[in-house]
Amino acid sequence: MAEPLLSVERVSRRFGGLLALDAASLSAPAGRITALIGPNGAGKTTLFAVISGFLKPSAGRIRYGGEDVTGEPAHRLARRGIARTFQIVQPFGGISVRDNILVGAYLRHAARADAVGVAETVGREVGLGDLLDRPAHTLTVAGRKRLELARALATAPQLLLLDEVLAGLNPAEIRDIVPVIRALCARGIAVIMIEHVMQAVMSLSEHVFVLAEGRIIAEGSPAQVVADAGVVEAYLGRGAAARIGSTHAH
Amino acid sequence: MKGPLLIAAVVAAFAAVPLFVHSNVVFNFLVVTLLIALAGQGWNIIGGYGGQYSFGHAAFFGTGAYVTAILQMRYGVNAWIGFVGGIAAGAAVGAIIGGLAFRAGLRSSYFALVTLAFAEVLRILASVAPITGAGVGILIKLDLRPQSFQFQSRAVFYLVILALVAASLAIAQTLERSRFGAWLIAVRENEDAAMALGVDATAVKLGAMVISAAVTAAAGCFYAQYFLFVDAGIAYGPWISIEALLTPIIGGAGTVFGPLVGALAVKALGEGAKLWTGDVPGLDLMIYGALLVIVVAFAPAGLVGTLANVRERAARRLRAPRKGRAEAARG
Amino acid sequence: MLSPLILGIAVLNGLLTGAVYALVALGLTLIYGVLHIINFAHGALLSAALFAAFFAHQKLGLDPYAAALLLAPAFFAVGYALQRFIIGPAARGDERNMLLVTLGLAVLIENALLYAFRADTRTVDLPYSFKTLDLGFVFLAVPRLISFAAVFAVALALWAIMALTDTGKAIRAVAREKLGAELAGIDVAHVYAMTFGLGTACVAIAACLLVPTYYVNPGAGNAFVLIAFTVVVLGGMGSVPGALIGGLIIGVVESLGGFLLGESLGQVSIFLIFIVVLLLRPRGLFGASA
């Protein structure tokens with residue numbers, strides 16, 4: 001099997017006395033959606049921060065596109081094609097939606113005219129076509145999520161890290177944004193999504209990794225993982241699996 | 001009116017002033033105002049567009065002033081070359097301070113503190129070092145010939161500083177429309193998000209700092225040529241750090257015309273206060289301090305910025321009087 | 001001439017000066033620790049307090065140490081009002097705005113003093129201004145010894161307020177976790193204002209301690225407060241022991257530096273320490289890491 005686009009190998013991250021990530025490993029193939037789930041405080045966003053270059057790992061390696069990119073800073077990884085959204089949305093509030101996306105587009109297009117064209121195209125793709133002139137701070141939460149996505153997409157990434165992009169959206173908004181995410185894979189982009197919205201995890205992702213207390217405790221297809229006793233216990237507490245009577249013990 | 005055309009129109013209007021005005025008092029006021037506008041436009045690049053609030057821009061102003069004076073008086077260099085030398089020296093100081101501060105990851109309050117400290121260090125050193133004339137300062141020899149960058153007529157000085165201001169307006173305008181400018185503004189709005197989009201924040205901030213320092217240094221060089229005297233308090237004193245910061249904030253940080261509008265407003269207010277209550281020291285700066293607080297409290301986008309916001313909101317209301325529910329839901 | 005005795009005296013004098021730096025820094029670090037802002041108006045407030053102490057002596061015949069009992073609460077009220085009604089509302093929580101607002105206040109206050117009282121330097125002459133204590137090997141100025149003791153008394157009083165009173169607990173809660181404190185019903189705007197008031201009161205007491213031996217003019221506070229910034233950064237933003245120890249260290253550095261290099265270069269050495277600490281270890285000796 002060809003090497004996956006991203007390979008996180010036994011990455012650990014320590015903050016003083018706290019071991020936030022403990023030899024976590026995962027991989028993401030191109031053109032597929034991979035989910036990263038786990039209870040709150042498991043370290044999922046920390047793992048994203050390490051993969052996207054905002055934090056250096058204390059141990060372990062990260063291989064991307066066949067190269068070792070461990071420890072490279074965020075902006076360098078973005079140029080390599082790793083893009084991320086933030087759990088708490090971070091729009092460039094004072095400027096327009098178009099200008100927000102433009103910053104991303106400028107990564108691959110130095111000329112303003114080209115970059116604006118790309119920004120408007122991407123803006124329309126995620127459904128913000130009518131709002132391009134609005135100041136970003138006037139958008140609703142759903143709009144800001146779309147903007148996060150648009151900005152990241154404008155950098156023409158090969159790997160997209162989505163950190164709880166569905167959080168705070170109502171069912172109708174989720175229903176509207178899911179096809180946009182699915183369309184990304186058709187373009188060959190590898191997507192890793194941190195998600196708590198289980199319906200999305202089940203329907204969108206092909207492979208799931210479960211992180212709990214900094215460790216990967218399970219991986220597999222959505223159906224496999226959800227039935228795994230260890231996973232159930234990570235979410236619901238010790239003994240829960242037995243009480244619920246799951247079929248696979250680990 | 002499109003950017004470059006607007007700049008040309010404004011500059012032309014200013015350039016026409018000598019046709020109607022002959023009073024030296026008025027020219028003096030205008031020269032000082034434009035000088036402060038130039039220094040402020042320098043601050044605007046790193047502070048307004050870049051969002052990094054420097055409290056020590058005197059470091060660049062003073063370096064420009066001193067280097068120009070030293071090159072002429074101690075090394076016999078031609079005044080125009082000295083001018084360029086002063087700008088280059090200012091830019092170099094900007095590179096050093098920016099390089100140290102940004103590589104150390106200093107942001108916000110800490111950045112303000114370190115720039116303040118650098119300006120103070122330079123001021124103290126200049127007040128004791130022989131090359132800067134220590135406590136006495138440097139006098140540039142009076143030589144009212146164009147080749148010495150000195151002019152018989154105030155009107156010519158006025159046109160020279162106007163040309164420099166025009167150049168700074170063009171620099172700001174070009175920055176706004178460029179990729180570098182978009183990256184700089186992104187760093188101001190949210191540095192982490194900018195980095196996630198491939199922006200090398202440290203390099204961008206450093207580049208902006210160098211440009212900013214060069215522009216403010218140019219103001220310092222011109223100051224030296226106009227007043228023919230530089231000392232530590234004038235060159236590196238808090239007065240210029242404050243005025244370089246005040247005029248863009250009041251006029252509109254991060255806008256092309258903000259520093260110019262701010263300088264006109266601030267200086268006019270200062271003169272008005274002096275006329276009204278007599279030339280008592282401290283009154284004008286008192287008003288500036290109060291003005292800063294008031295502007296931050298009630299019009300943080302400054303004069304130009306607030307005007308732009310009002311126009312934008314009115315335009316939006318005219319464009320979309322009724323929003324469909326679907327559109328409202330989408331965002 | 002550089003005998004250990006001479007150096008020892010320089011160190012002792014540095015410690016005495018450093019104590020007052022520490023007190024000024026204490027107010028600054030308290031404000032930073034809770035409001036997370038650097039109060040650029042601190043110096044101007046010190047100047048105002050110096051003038052207040054001067055006039056208390058001149059018009060009311062009050063001895064500066066007695067004046068402290070009057071001025072500390074008065075300046076507490078001033079600080080409270082400044083934060084509650086001007087800084088807080090104007091800045092609306094934005095850090096960059098707070099920088100500008102405190103800077104604006106600094107310029108306003110200092111130049112109001114200049115406008116009202118001109119730039120002439122005044123001094124207060126007291127019967128004990130030049131009294132010294134003879135320790136055998138050195139004469140130490142009595143007022144500065146009193147300052148040294150007073151600073152530790154104030155630090156102790158502050159500690160007591162923080163640890164033992166409800167207000168102090170509320171302040172510590174807000175410093176640690178503002179949102180949680182708010183949710184628990186603490187009036188954050190009030191706490192911020194109380195903290196600012198305490199910081200300003202420290203400055204007022206410092207001014208009263210300085211007046212017997214220092215000079216009074218609108219720029220005096222600023223000269224002092226850049227050094228106070230250095231102390232706070234060296235000791236660690238928000239750390240009270242840091243402010244005390246940092247103050248003593250800087251006092252000694254200034255004394256030795258001034259002695260060995262001359263006054264101007266002595267001052268420069270302080271700022272260089274400032275810059276080096278900011279660049280290499282911004283959290284200082286005892287501060288929390290960013």
Meets criteria (in contact with a Leu (Cβ under 7 Å, 6 or more places away or on another chain), assigned to a helix (DSSP H, G or I) and within 14 Å of chain C (Cβ to nearest Cβ)) for residue B:102: yes
Helices (runs of 4 or more DSSP H) lying entirely in the range B:153-265 (those with 3 or more residues that are without any contact (Cβ under 8 Å) to a residue 12 or more places away in the chain and within 11 Å of chain A (Cβ to nearest Cβ)): B:191-196
Residue among C:82, C:126, C:99, C:105 that is of a type outside the set (S, T, N, Q), more than 8 Å from chain B (Cβ to nearest Cβ) and under 19 Å from the mean Cα position of the chain (by Cα): C:82
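Working only within the range A:45-93, note down all residues that are part of a loop (DSSP other than H, G, I, E, B) and more than 10 Å from chain B (Cβ to nearest Cβ). Spell out the reasoning first.
Start the filter on the range A:45-93 by keeping residues that are part of a loop (DSSP other than H, G, I, E, B), which leaves A:52-58, A:65-66, A:69-73, A:81, A:85-93.
The answer is A:55, A:56, A:57, A:58, A:65, A:66, A:69, A:70, A:71, A:72, A:87, A:88.
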Which listed residue is small (Gly, Ala, Ser) and either surrounded by fewer than 20 Cβ atoms within 10 Å (Cβ to Cβ) or farther than 24 Å from residue A:175 by Cβ (or both), from A:110, A:150: A:110
Of all residues in the range A:97-139 being under 20 Å from residue B:315 (Cβ atoms) and of a type in the set (Lys, Arg), the one that is farthest from the other protein chains (Cβ to nearest Cβ): A:98
Any chance residue B:297 is more than 14 Å from chain C (Cβ to nearest Cβ) and either out of contact with any Gly (no Cβ under 6 Å at 6 or more places or on another chain) or in contact (Cβ under 8 Å) with a residue 60 or more places away in the chain (or both): no
Among (1) in contact (Cβ under 8 Å) with a residue 40 or more places away in the chain; (2) away from chain C (no Cβ under 14 Å) - the single one residue B:77 does not satisfy: (1)
Residue in the range C:204-218 that is within 14 Å of another protein chain (Cβ to nearest Cβ) and closer than 30 Å to residue B:134 by Cα present: yes
From the options A:234, A:136, A:190, residue that is touching a helix residue (DSSP H, G or I) at 6+ places or on another chain (Cβ under 6 Å), in contact (Cβ under 8 Å) with a residue 12 or more places away in the chain and crowded, with 22+ Cβ neighbours inside 10 Å: A:136
Residue match in the range A:116-132 (condition: within 21 Å of the chain's Cα centre (by Cα), outside the structural domain of residue A:8 (by TED's automatic domain parsing) and at positive phi): yes
Flag if residue C:185 is surrounded by fewer than 23 Cβ atoms within 10 Å (Cβ to Cβ) and either of a type outside the set (Lys, Arg) or over 26 Å from residue C:88 (Cβ atoms) (or both): yes
Subset tally (residues that are of a type in the set (A, V, I, L, M, F, W, C) and surrounded by fewer than 24 Cβ atoms within 10 Å (Cβ to Cβ)) for the range B:206-221: 3
Output for the range B:260-292, where each listed residue is at positive phi and surrounded by 14 or more Cβ atoms within 10 Å (Cβ to Cβ): B:282
Index of the failed condition, residue C:67 passing every other in (1) under 19 Å from residue C:198 (Cβ atoms); (2) in a helix (DSSP H, G or I); (3) at pLDDT below 90; (4) within 16 Å of the chain's Cα centre (by Cα): (4)
Among (1) small (Gly, Ala, Ser); (2) within 14 Å of chain A (Cβ to nearest Cβ); (3) more than 30 Å from residue A:89 (Cα to Cα) - the single one residue B:133 does not satisfy: (2)
Residue count, the range A:166-197 (criterion: closer than 24 Å to residue A:8 by Cβ and within 14 Å of chain B (Cβ to nearest Cβ)): 0
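The values are calculated or read from the model by the stated rules, or taken from the named source; none is laboratory data. Just so we're clear, the structure is a prediction, and the values are computed from it rather than from any experiment. No Cβ is skipped: glycine too gets one built from the backbone with ideal geometry, and neighbour counts run over all protein chains shown.
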